[in-house]
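Take a look at the structure below.
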């Protein structure tokens with residue numbers, strides 16, 4: 001029954017797709033009438049593909065100790081900096097990503113190396129895929145190894 005409904009909606013047969021996301025992608029292209037621009041610059045294609053991320057994301061530190069003043073039963077050390085332990089359970093990240101715009105045309109290299117990402121408004125029609133080199137202080141390497 002569901003296959004008949006899906007075929008009627010988009011004239012696409014889910015049986016020809018390996019995964020639901022692939023089928024959903026073709027459905028949205030058909031529904032929006034968006035025409036995807038082919039990436040003919042092979043280096044641009046490789047660069048674009050290298051920015052694709054997926055799967056689970058987490059930062060795990062094996063041991064952490066909070067140092068918070070005024071918490072009963074917790075030793076507070078005033079000579080050390082205050083530290084908190086935070087647990088964030090971010091659910092539905094896939095839905096959030098599905099609400100953002102995806103690039104589909106006008107791909108080009110940008111020569112301006114001074115892009116201020118804080119000045120790009122949310123929902124901008126123009127987006128960027130950035131590759132950045134940073135100087136990461138040596139004294140932070142050991143502290144951030146678990147991340």
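The values are calculated or read from the model by the stated rules, or taken from the named source; none is laboratory data. This structure is a prediction, so every number in the text was calculated from the model and none was measured. Reconstructed Cβ throughout: ideal geometry from the backbone, glycine too, with neighbour counts over all protein chains shown.
Within segment 95-106, the set of residues being surrounded by 10 or more Cβ atoms within 10 Å (Cβ to Cβ) and either more than 29 Å from residue 24 (Cα to Cα) or modelled with pLDDT of 85 or more (or both) comprises 104 only. Yes or no: residue 30 farther than 27 Å from residue 143 by Cβ, in contact with a helix residue (DSSP H, G or I) (Cβ under 6 Å, 6 or more places away or on another chain) and either surrounded by fewer than 10 Cβ atoms within 10 Å (Cβ to Cβ) or modelled with pLDDT of 85 or more (or both)? Yes.
Condition check ((1) within 30 Å of residue 27 (Cα to Cα); (2) touching a helix residue (DSSP H, G or I) at 6+ places or on another chain (Cβ under 9 Å); (3) at pLDDT below 80) across all residues:
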{"site": "93", "(1), (2), (3)": "yes, no, yes"}
{"site": "108", "(1), (2), (3)": "yes, yes, no"}
{"site": "123", "(1), (2), (3)": "yes, no, no"}
{"site": "147", "(1), (2), (3)": "no, no, yes"}
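Is there a residue in segment 55-66 that is within 27 Å of residue 105 (Cα to Cα), modelled with pLDDT under 80 and either in contact with a strand residue (DSSP E or B) (Cβ under 6 Å, 6 or more places away or on another chain) or not in a helix (DSSP H, G or I) (or both)? Yes, there is a match, as at least one residue in segment 55-66 is within 27 Å of residue 105 (Cα to Cα), modelled with pLDDT under 80 and either in contact with a strand residue (DSSP E or B) (Cβ under 6 Å, 6 or more places away or on another chain) or not in a helix (DSSP H, G or I) (or both).
The single residue among 130, 44, 88, 113 that is more than 30 Å from residue 14 (Cβ to Cβ) and modelled with pLDDT of 85 or more turns out to be 44. Scanning segment 114-131 for residues that are touching a residue at least 12 places away in the same chain (Cβ under 8 Å) and over 20 Å from residue 44 (Cα atoms) yields 117, 123. When residues in segment 3-49 are screened for being assigned to a helix (DSSP H, G or I) and free of Cβ contacts under 8 Å to residues at least 60 places away in the same chain, 29 of them pass. Residue count for segment 132-147, restricted to those that are free of Cβ contacts under 8 Å to residues at least 12 places away in the same chain and part of a loop (DSSP other than H, G, I, E, B): 10.
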